[in-house]
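Rule-based calculations on the coordinates, nothing more; no lab input. Quick caveat: nothing in here was measured; it's all calculated off a predicted structure. Methodologically, a virtual Cβ is constructed for each residue, glycine included, from the backbone with ideal geometry; neighbour enumeration extends over all protein chains shown.
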Amino acid sequence: MNKNQLIVFDTTLRDGEQSPGASMTRDEKVRIAKMLEKMNVDVIEAGFAIASPGDFESVKAVAEQVKDSTICSLARAVTIDIERAGEAIKSANSGRIHTFIATSPIHMKYKLMMEPEQVLEHAVKMVTLARDLCDDVEFSLEDGSRSEFDFQCRIIEATINAGARTINIPDTVGYGVPKEYGSMFKRVIENVPNADKAIFSTHCHNDLGLAVANSLAAVENGARQVECTINGLGERAGNASLEEIVMAIKTRGDAYAITTAINPVHIVSTSRLVSSITGFPVQPNKAIVGANAFAHESGIHQDGVLKHRETYEIMQAESVGWKSNKLVLGKHSGRAAVRARFDELGISFDSQARLDDAFRGFKELADKKHEIFDEDLQALVSGVNEPQVIEKYTFSDLEAISKSGEKPSASLILHVDGNRHSCKAEGDGVVDAAFKAIEMVVNSNSDLKLYLVSAVTEGTDSLGEVTVRLEKNNAIVNGIGTDTDIIAASVKAYLNALNLLDSGIFRAHPQKDGI
C-alpha cells in the first residue's frame with residue numbers, strides 16, 4: 001500500500017442507518033452506494049448482513065451492482081454472523097468481512113461477561129473463520145479507545161497473525177480527545193511486532209463533537225484508513241463526516257502529507273441524496289454541504305470576496321459540487337437544457353419514463369415560480385428513482401382554512417384505489433387538520449414520528465419540502481412531498497408515506513450492536 005494514500009471507508013449504509021429513523025430500503029442503499037462509487041470511495045460498508053433478511057438482501061444487491069469499490073459487511077465475532085456476511089458479499093468484485101468484539105474492561109466484564117483471554121482466543125478463531133471465507137478481513141476492537149494498552153497490542157498482534165489485513169481501533173462512545181487518541185495509534189503501531197502487515201483504521205463517534213478531529217489525529221499518527229459517513233450520519237451524535245475529513249486533507253495538504261482517491265465534485269449531490277432518503281436534513285451551517293457553507297451576508301465579507309475570493313473562502317464551492325446557478329431555468333426551458341442540468345448535478349434516471357416524470361414536475365413548478373434553482377431540481381427528483389410505489393392514495397381539491405378565532409380546518413378529495421372520498425376535519429393547525437381528514441378515510445393506525453418542513457430555495461416562492469415519518473408495526477417510512485404550497489407539500493408527504501407502507505417499501509430499524 002502507498003503510505004501516502006488514505007483509504008476512505010464509508011459506513012453510511014451501516015452505521016449511518018443505525019440512526020433511529022434512518023432505515024433505508026434495498027433500492028435506496030443501492031442508489032447511495034452507486035453515488036459513493038462515483039465519488040471513488042474505496043470501501044463501502046453496505047450493511048449488517050445478519051441483522052435481518054432485508055439487510056442481507058441489501059448487502060447482496062450492493063455487492064452485485066457496485067463494481068469499483070470494495071463492498072463490506074459487518075459481522076459480530078459470531079460464526080453465523082461471519083458466514084452470513086461472507087454469503088452476502090460473495091458476488092462482489094472486491095469483498096470484505098468486517099468482524100468485531102469488545103475489548104475494553106467495562107465491555108468485556110458487563111456486556112460479554114468474558115475474561116480477556118477468552119476474548120483474545122475467540123477473536124483469533126473468528127478472524128480465522130472470516131479469512132477462510134474472504135481474503136480481505138478487517139478486525140475491530142469495539143470500544144478500542146477505552147481498552148487497556150497491553151491487551152490492545154496482544155489482540156492486534158494475534159488477529160493480524162490470524163489473517164486480518166485491517167485493524168480498526170474505534171472510539172465507539174465518542175470519549176476520545178485528539179491528543180490521546182492520536183498518540184494511542186502511534187504507540188500501538190510502534191509496539192505491535194507485526195504492525196507493518198496491516199492497515200490501521202480509525203472509526204470515531206461524535207458524542208463530544210470531536211469525531212473529525214480525532215480521526216485526523218489518528219491519521220497524523222499512522223492510521224491509513226478512515227471510517228466515516230455522509231453528513232456525519234450515525235447513531236447518537238453521529239460519526240465522523242466524510243466530507244469534512246476529505247476536504248480538510250485536500251485543503252490543508254501542508255498539514256496532512258497524504259491524499260485520497262475521492263472525487264469531491266460529487267459530495268453535495270451525495271449529501272442531498274442521503275438527506276432525502278433518510279429524512280435527516282442538513283443544517284444550514286454544516287461544513288462543506290450546508291446551504292450557508294459558501295454564503296456571505298456580512299458587508300465586509302462580501303466586499304472581500306468580490307475583490308479576491310480567497311479572502312473569505314478557503315476552497316471553491318464548485319470543487320465539492322455547489323453550482324453558481326448561472327444557467328437560469330424557467331418555464332421556457334426545454335427538455336435538453338433540463339436534462340443537461342440534471343447530468344451536471346449527478347442525477348441520472350433508470351428509464352425514459354422517470355425522466356419524463358421529472359421533466360413534467362419541472363414544468364409544473366416552473367409555472368409557479370420565476371426561476372428554478374439546483375436545489376429545486378434535486379428536491380423534484382428526490383423520489384423519482386425510488387422503487388415503484390403503488391399510488392393507492394392520491395388527492396385533489398385541497399382547501400385549508402385558518403382564521404383568527406376559529407378552529408383551523410382542512411377539506412380535500414381523497415382518491416383511494418381510484419375511488420373518490422370527500423373528507424374534512426378540524427385540527428390544532430391546518431396541517432394537523434389535513435392529516436386528520438385523511439385518517440378519517442384511511443384509518444392507517446400509524447404513528448406520526450416526524451414532521452419536518454424545509455425551504456429548498458430562497459424567496460417567497462420557495463419550493464417547500466416536507467418530510468413525514470410514520471411508524472406502523474415497527475416499520476418506519478419517510479414520506480416526502482414538495483410544493484410551493486406548504487399545506488399541499490404536507491399532504492403529498494403524508495400520502496407518500498402511506499403509499500410506501502402499503503407498497504411494502506419499508507424496513508424495521510436494525511438496532512444491533514455496532515462499533
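A few comments on the model shown:
- Pair GLU115, ASN4: separation of 7 Å Cα→Cβ label points (nm): 5.0 nm
- Taking each residue as 0.36 nm, the span from GLU190 to ARG252 lengthens on full extension beyond its C-alpha to C-alpha distance by 19.7 nm.
- Residue pairs, from the table LYS60/LYS392; LYS472/LYS492; LYS38/LYS250; LYS392/LYS436; LYS125/LYS197; LYS34/LYS60, whose Cα atoms sit over 22 Å apart: LYS60/LYS392
- For segment 178-190, 3J(HN,Hα) computed residue by residue from phi via the Karplus equation (6.51, -1.76, 1.60; θ = phi - 60°) reads x, 4, 6, 5, x, 5, 4, 5, 4, 5, 4, 4, 6 Hz, glycine and proline entered as x.
- Packing-based ranking, highest mean first, of 90-98, 229-237 given that Cβ atoms within 10 Å are counted: 229-237, 90-98
- Computed over neighbours whose Cβ is under 9 Å from that of GLU138, the net charge equals +1, Lys and Arg +1, Asp and Glu -1.
- Net charge in the neighbourhood of GLU471 (other residues with Cβ under 11 Å of its Cβ; Lys, Arg +1, Asp, Glu -1) is +2.
- Sequentially through segment 492-498, phi angles give Karplus couplings (6.51, -1.76, 1.60; θ = phi - 60°) of 4, 5, 5, 5, 4, 5, 5 Hz, Gly and Pro residues having no value and appearing as x.
- Per-peptide packing, taken as the mean over residues of other Cβ atoms within 10 Å, places 272-280, 347-355 in the sequence 272-280, 347-355 from highest down.
- Dividing the summed -39500 (n - 2.57) terms of all DSSP H runs of n ≥ 4 by the residue count of the chain sets its mean residue ellipticity at 222 nm at -11000 deg cm²/dmol.
- Aspartates and glutamates with Cα under 14 Å of LYS449, excluding same-chain neighbours fewer than 8 positions away: ASP432, GLU471
- Gyration tensor verdict on segment 393-508 (Cα atoms; rounded if a/c is under 1.5, prolate if a/b is larger than b/c, oblate otherwise): oblate
- Short-range pairs are left out: with C-alpha atoms under 8 Å and at least six residues apart, the relative contact order of the chain is 12 percent.
- Residues in segment 109-149 that a label on THR79 would reach, taking backbone N under 19 Å of a point 7 Å out along Cα→Cβ: 118-134
- Label-point gap, in nm, between GLU426 and SER348 - each point 7 angstrom along Cα→Cβ: 5.4 nm
- Simple spin-label estimate for SER396 and LYS90 gives 5.1 nm between the two label positions (7 Å along the Cα-to-Cβ direction from each Cα).
- Neighbourhood charge, 15 Å Cβ-Cβ cut-off, centred on PRO193 and excluding it, Lys, Arg +1 and Asp, Glu -1: -1
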